[in-house]
Amino acid sequence: MTLTLQPTSVVPAVLLRKFSRLALCLLFISGLVGCTQPAAPTPSEPVLPVKVVLVTMFEIGADEGDTAGEFQLWKARRNLTQRVPFPQSHHDLFYNPETQVLGMVTGIGTAKSATATMALGLDPRFDLTQAYWMVAGIAGIDPEDASIGSVAWSSYLVDGDLGHEIDAREMPEDWDTGFFARHTSFPYDPARPQPTGEMFQANPALRDWAFELTKDAALVNPPELAETNSLYTEHPNAQRAPFVLTGGHIAAMTFWHGKLMNDWANRWVHYWSDGATDFVTSAMEETGTYQALTYLDNIGRVDVDRFMVLRGGSNYTMQPPGVGAAENLLKENDGYAGLAASLENIYIVGSIVMDELLDNWDQYSVAVPGSQNDSDANAQQ
């Protein structure tokens, strides 16, 4: 049926023409919205239950068959073969219907990780209410704490972008950095407010459980790591074979590097964690991912207490003695010395936790490891 509006003395023709154009625009926009929304499950298409969401951030090329980025080993070895279109984000999702593991690639940076996580959390095709979320990605690592190839579980997630900044050439002479917290008067001001995005603390009990489960894991230690590690003569932990540890994590959209920036990262994490930890690994996403999960937890779509961060050191965050910061950064941009080893070790350690969750799902579906409910469940067994 076509509705035709005729001009009258009451409604001038010019208004009718404007009304018609407005109506067409609204119809066009509503059509676009309908086309871009994720398809809701039909009665014959059940909602996919998810036990573990594997969160990776990038892939180098294809998802399989070439040089591996963060996602490729998991996709191949965990049989993530069911492709789920995900046009509202960076990369399609992949699912294993038998294990109910869902793999995602968020894209690099807090903006992409936050929006990808939110898009997944609001997607009606998935039941994520009991899902565990495990970040499994590479990172810069502080040679003071560990060697490349080592992997760290983190609970304190500190944002390296949110704050005030004055160029070092204009800052007061008694300051050692121009970067300082919002609502404070100078760098590392003890009278800082509670964090409102500068720091998040993921479930520390779950982190400790994951660490205890994996601390003795047998990690790969290819000979090529020794060449890079031997350069860090002032850092005994950088001389060690790869190992599992815990420590603070910093997320910043700027890829920083060098001894002075490394010192800043340690002080910044120490400052926001009230001295509980300092910086061990650096990347670009976790505060965005956790912020999105916090909002999703508020509406009952996810359980933010089921979030874990596992990062492997692919490169050092500062130069070795006798090398300039810029020189070292540019050299690393040609290829991270610890990339392949860190990806393998992330998979080894992350798989131990994933297998434990899946093999004992009756317990962990209702009780988060390390929680009081989990202790009660163990006591009854």
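The values are calculated or read from the model by the stated rules, or taken from the named source; none is laboratory data. Keep in mind it's a predicted model, so treat the numbers as computed, not measured. Note that each Cβ is placed from the backbone with ideal geometry, even for glycine, and that neighbours are counted across all protein chains shown.
Details
- With respect to the stated conditions, THR287 is among the polar types (S, T, N, Q) and within 16 Å of the chain's Cα centre (by Cα).
- Some residue of region 345-354 being in a helix (DSSP H, G or I), more than 18 Å from the chain's Cα centre (by Cα), modelled with pLDDT of 95 or more and surrounded by 23 or more Cβ atoms within 10 Å (Cβ to Cβ): no
- Note on region 49-71: residues that are of a type outside the set (Asp, Glu) and touching a strand residue (DSSP E or B) at 6+ places or on another chain (Cβ under 9 Å) amount to 12.
- No other residue among ALA292, ALA341 is closer than 23 Å to ASN221 by Cβ, in a helix (DSSP H, G or I), in contact (Cβ under 8 Å) with a residue 12 or more places away in the chain and touching a Gly at 6+ places or on another chain (Cβ under 8 Å) apart from ALA341.
- Answer from GLY275, GLY335 - the residue that is out of contact with any His (no Cβ under 8 Å at 6 or more places or on another chain), surrounded by fewer than 18 Cβ atoms within 10 Å (Cβ to Cβ), assigned to a loop (DSSP other than H, G, I, E, B) and at pLDDT 95 or above: GLY275
- When residues of region 301-332 are limited to those that are in contact with a strand residue (DSSP E or B) (Cβ under 9 Å, 6 or more places away or on another chain) and assigned to a helix (DSSP H, G or I), the one surrounded by the fewest Cβ atoms within 10 Å (Cβ to Cβ): VAL304
- Residue match in region 102-116 (condition: touching a helix residue (DSSP H, G or I) at 6+ places or on another chain (Cβ under 7 Å), in a loop (DSSP other than H, G, I, E, B), crowded, with 24+ Cβ neighbours inside 10 Å and in contact (Cβ under 8 Å) with a residue 12 or more places away in the chain): yes
- Residue count, region 41-81 (criterion: more than 21 Å from GLY107 (Cβ to Cβ), surrounded by 13 or more Cβ atoms within 10 Å (Cβ to Cβ) and out of contact with any Asp or Glu (no Cβ under 6 Å at 6 or more places or on another chain)): 4
- Tally of residues being surrounded by fewer than 24 Cβ atoms within 10 Å (Cβ to Cβ) and farther than 18 Å from LEU343 by Cα across region 242-254: 4
- Matching residues, region 185-243, being of a type in the set (Lys, Arg) and within 18 Å of GLY370 (Cβ to Cβ): ARG207, LYS215
- Test: residue in region 40-58 that is part of a loop (DSSP other than H, G, I, E, B), touching a Gly at 6+ places or on another chain (Cβ under 8 Å), without any contact (Cβ under 8 Å) to a residue 24 or more places away in the chain and within 18 Å of SER342 (Cβ to Cβ): no
- The listed residue being at pLDDT 95 or above, farther than 15 Å from LEU157 by Cβ and surrounded by fewer than 16 Cβ atoms within 10 Å (Cβ to Cβ), out of ASN262, ASN298: ASN298
- Cross-chain or 6+ apart pairs with Cβ under 8 Å, region 210-229 first and under 25 Å from ILE352 (Cβ atoms), then among the hydroxyl-bearing types (Ser, Thr, Tyr): PHE211/THR246; LEU219/SER150; LEU225/SER147; ASN229/SER147
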